[in-house]
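What follows is one structure encoded as structure tokens, with my remarks underneath.
The values are calculated or read from the model by the stated rules, or taken from the named source; none is laboratory data. Keep in mind that what you see is a predicted model, and the values were worked out from it rather than measured. So basically every Cβ, Gly included, is an ideal-geometry build from the backbone, and we count neighbours across all protein chains shown.
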Amino acid sequence: MTGTLMIRADAGLEMGTGHVMRCLALAQAWQDAGGKAVFALAESTPTIDERLLSEDMDLVKLTSGVGTEEDANETAALAQARQAAWVVVDGYRFGAGYQQRLKAAKLNVLFIDDTGECGPYSAAVVLNQNVQAQEAMYQSREPSTQLLLGPQYALLRREFRPWRGWKLRAPPVARRLLVVMGGSDSDNITLKTIEAIRALRGRELEVTVVVGGSNPHWGTLQRAASISAVMIELRRNSSSMVELMAGADLAISAGGGTCYELAFMEVPTLLVTAARNQAPTCQAMAQCGAAIDLGWFHSLDARELANRLHKTIPDRALRQSLMENARALVDGGGSQRVTGVLLGRSAPGKMPPGQLGTRAG
């Protein structure tokens, strides 16, 4: 019996929605295997709550401060009451003590990580889906902790699965441009991107800008798009991301989980670092030839971005190379692989010590 997967993650304006959304992908795979999923959140947004409920996920709001001992105790009590087969923890405020308290409560814990900075790690399984993930980041871990490293474990939602045979050739000139900066974009990188696109007047472009449901800048973005000589369509909280990616010749994206979705869909992408944890991902993707790294958003000038676009739009060879290298990293089966690992482990301590997932790339 698959049982219940309990997920402890949060979403908000500053932290964004990426932690919850990648956990949603894992929860969907768990559901498909016959199990139930419950999200335990101390912080969230109305848009995220609505999305989780629409996916038939149970939703429980916690009352403790995020990452505190009280939080760990409340989470453990909820997991025990729900008889959770696994507890998934995803967030930078859940440190070593948090993992240890859940383990002391005899719970199976999957810790989703990006940085290697939340150790010493005592979770049964640590997942880092990023291209730069390596064992050296996790020297401080218990011998029984299993590592799942690299984008072969990238957590893609159910909507991407029918596209696993998707193959493309880059058009001679990129005309359909997609802009996506995550669910919140508190720094309004989207506006800077629109300003750069407005400088591309004279090119025949179809631009779609996806504005996350938790983005507070909708009015400003509407005004900026309305005065653009380049036709810009704004989509708020789009429910058809995979279709938008499938129709794009080129994308500009923040370096969060969306970059793995774009890689899977073979969209040549210019990546912007929107948060500290994204910088290594953007750099590693560029080193693999799977994306173009534009650097930190606060150092990115709209004129510089416009120049990059001017060069990339007509460069078919570059875009084709980006597409091929990106798809080689992400095959779309990550959510199912992780679910398989969880279902193959019956109790704490049963996994071969330190077993590693094979790193893609």
Q.
Cβ-Cβ under 6 Å, sequence separation 6+ or interchain: first residue in region 176-204 and farther than 15 Å from Arg236 by Cα and in the same structural domain as Tyr260 (by TED's automatic domain parsing), partner among the acidic types (Asp, Glu) and crowded, with 17+ Cβ neighbours inside 10 Å. Which pairs?
A. Arg176/Asp249
Q.
Tally up the residues in region 130-165 that are under 15 Å from Glu266 (Cβ atoms), part of a loop (DSSP other than H, G, I, E, B) and touching a Phe, Trp or Tyr at 6+ places or on another chain (Cβ under 8 Å), please.
A. 2
Q. Taking His298 and the conditions (1) assigned to a loop (DSSP other than H, G, I, E, B); (2) of a type outside the set (Asp, Glu); (3) at pLDDT below 95; (4) under 30 Å from Gly202 (Cα atoms), which numbered condition does it fall short on, given that it satisfies the others?
A. (1)
Q. Looking at (1) buried (at least 24 other Cβ atoms within 10 Å of the Cβ); (2) in contact with a Gly (Cβ under 6 Å, 6 or more places away or on another chain), which is the one condition that is false for Val267?
A. (2)
(Q) Just to verify a result, which residue in region 26-64, among those that are hydrophobic (A, V, I, L, M, F, W, C) and touching a Gly at 6+ places or on another chain (Cβ under 8 Å), is surrounded by the fewest Cβ atoms within 10 Å (Cβ to Cβ)? (A) Ala42
Q | Test for Arg169: is it among the basic types (Lys, Arg), touching a residue at least 24 places away in the same chain (Cβ under 8 Å) and not in a loop (DSSP other than H, G, I, E, B) | A | no
**Q.** Every residue from region 152-202 that is within 19 Å of Leu294 (Cβ to Cβ) and over 20 Å from the mean Cα position of the chain (by Cα)
**A.** Ala174, Leu177, Leu191, Lys192, Thr193, Ile194, Glu195, Ala196, Ile197, Arg198, Ala199, Leu200
Q | Index of the failed condition, Val207 passing every other in (1) within 19 Å of the chain's Cα centre (by Cα); (2) buried (at least 18 other Cβ atoms within 10 Å of the Cβ); (3) closer than 13 Å to Val180 by Cα | A | (1)
**Q.** Given (1) free of Cβ contacts under 8 Å to residues at least 40 places away in the same chain; (2) surrounded by fewer than 18 Cβ atoms within 10 Å (Cβ to Cβ), number of the condition Gln278 does not satisfy
**A.** (2)
Q: Specify the residue that is surrounded by the fewest Cβ atoms within 10 Å (Cβ to Cβ); the eligible residues are those in region 219-247 that are among the hydrophobic types (A, V, I, L, M, F, W, C) and more than 22 Å from the chain's Cα centre (by Cα).
A: Ile227
Q) Is at least one residue of region 209-217 outside the structural domain of Gly12 (by TED's automatic domain parsing), under 25 Å from Asp331 (Cα atoms) and either touching a Leu at 6+ places or on another chain (Cβ under 9 Å) or not in a strand (DSSP E or B) (or both)? A) yes
